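Comments concern the structure below.
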Amino acid sequence: MPGRTQDEGLLNPAEAIERRIFLIRGQKVLLDNDLAELYGVTTGNLNLAVRRNKIRFPSDFMFQLSDEETKCLLLQFAISKSRGGRRTLPYAFTEQGVAMLSSVLKSQRAVLVNIAIMRAFVRLRELRSWMKTVVVKPSTRLCPIVTTSHTGSDPRSPYPSFGTTSRGLSVFWSLWKNS
């Protein structure tokens, strides 16, 4: 789904993974296509392995994005649908879901990638803790995704409040601001 920048190959593995972590529905997640790329499998095969082991992936480990969330991500990254695009909505995996994936995929690469992803999630938590001690103004907000909770907006407003889905420090700002 989101395009990769050419300089992403120059980053260390943890930074490359961190750039793929989104804040969606108030949770830090990795999308199925990003995970498939990291694990070296097709998105279809990754989702097939998940379907075959559905009991291992409750709703707090994995959820499917809505059509609106998917469109917002496509707009945010200005990606055209090549060859017709996806036929299904993408899945988002939380940290626990990513940990469960390594037991489902059962390969040496899956174990190594999982270790790198867990380190990236730990680093995000450390940065969130650090950000609580520093006052930072966000430079811009990227594509908002509709959430059902009112986070700082007027609860009497007829319009839903918006969370942010972004990369890098904007993710930390959102986490820090909402905690």
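Given labels modelled 7 Å from the Cα in the Cβ direction, how far is it in nm from Gln64 to Arg87?
Reported label-point gap for Gln64 and Arg87 is 1.4 nm.
Net charge near Tyr39, counting Lys/Arg +1 and Asp/Glu -1 over other residues with Cβ under 12 Å of its Cβ?
Residues near Tyr39 contribute -1 overall.
Values in this text are rule-based calculations from the coordinates and carry no lab data. Quick caveat, the model's predicted, so the values are computed rather than measured. Note: ideal-geometry Cβ built from the backbone for every residue, glycine included; neighbour counts use all protein chains shown.
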